[in-house]
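Asker: Here it is, the structure, as structure tokens.
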Amino acid sequence: MKLVSDEQLREAMGAELVRRRGADFGLDGFVGHVVCASVSRNTVTVRVTVTATEVNSSGTLDEGWTAARADALTGTLICVLSGTIFHTTTSLAVSVQPRPICPPAEIFIELSVDSALQPPSASAVFRDALNPSIVYATASHTKLFKPSLAASL
């Protein structure tokens, strides 16, 4: 289905996140809410509450949690926008900033896909919800469409 409205993208992303919570997509137990979406810009923003378990001993976002969320969320957006799940990651880079975060803290994870690039490339920016100029982490993610995955099913 071709997404033609921002509301369709918001609903499709939200439904796919719910579907992936119980599966092995790096979203087990993840609770996030899609707050806005733009079909024309290929963007989605997800609101998340960061708890003490997502903060490392240095007081910043945990790198593993950040990488898992960046991978899962950008991958989900790529799949929603492309209409297929047959992608594999070719590159994932995460940069957690040396910026303390005090849980519980609301953050926005801003996701975007550059579909003009082949393979598609996505990015994630983890921002403070109250002060969006504060960036806790960034990530970039590239996926490759694998027709052989589809053919093997």
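Asker: Could you order His141, His33, His87 so the one with the most accessible surface comes first? Probe is 1.4 Å.
Answerer: Ranking His141, His33, His87 by accessible area, largest first, yields His33, His87, His141.
Asker: Also: Would you mind working out the accessible area per residue for the chain, using a 1.4 Å probe, and quoting it in Å²?
Answerer: 51
Asker: Which far-off residues, 5 or more places away or on another chain, put their amide H under 5 Å from the one on Gln97, with H placed in the peptide plane?
Answerer: Answer set, sorted by chain and number: Ala137, Thr138.
Asker: Sort Val4, Val18, Val94, Val48 by accessible area with a 1.4 Å probe, largest first.
Answerer: Descending accessible area places them as Val4, Val18, Val94, Val48.
Asker: So for the pair Ser5, Ile85, with labels modelled 7 Å out along Cα→Cβ, what separation do we get in nm?
Answerer: Label at Ser5, label at Ile85, 2.7 nm between them.
Asker: With equal scatterers on the alpha carbons only and no solvent term, can you work out the Debye log10 of I(q)/I(0) for segment 50-153 at 0.14, 0.17, 0.18 1/Å?
Answerer: For segment 50-153 at q = 0.14, 0.17, 0.18 Å⁻¹, log10 I(q)/I(0) is -0.56, -0.76, -0.82.
Asker: How much accessible surface does Glu106 have with a 1.4 Å probe, in Å² rounded to 10?
Answerer: Solvent-accessible area, nearest 10 Å²: 70 Å².
Asker: Then there is this: Using a 1.4 Å probe on the protein heavy atoms, what percent of the accessible area of the chain belongs to carbon and sulfur?
Answerer: Of all accessible area on the chain, carbon and sulfur atoms account for 56 percent.
Asker: Per-residue accessible area for Asp71 at 1.4 Å probe radius, Å² rounded to 10?
Answerer: Its heavy atoms expose roughly 60 Å² to the probe.
Asker: Something else about it: Using only Cα atoms and rounding to the nearest 10 degrees, what angle (0 to 90) does helix 6-21 make with the longest principal axis of the chain?
Answerer: 80
Asker: Helix 63-82: angle to the longest alpha-carbon principal axis of the chain, degrees 0 to 90, nearest 10?
Answerer: Taking the Cα atoms of the chain, the angle to 63-82 is about 30 degrees.
The values are calculated or read from the model by the stated rules, or taken from the named source; none is laboratory data. As the structure is a prediction and not an experimental result, all values here were calculated from the model. No Cβ is skipped: glycine too gets one built from the backbone with ideal geometry, and neighbour counts run over all protein chains shown. Each accessible area value is taken on the protein alone, full model and side chains, heavy atoms only, with ligands, DNA and RNA left out. Shrake-Rupley method; radii C 1.70, N 1.55, O 1.52, S 1.80 Å.
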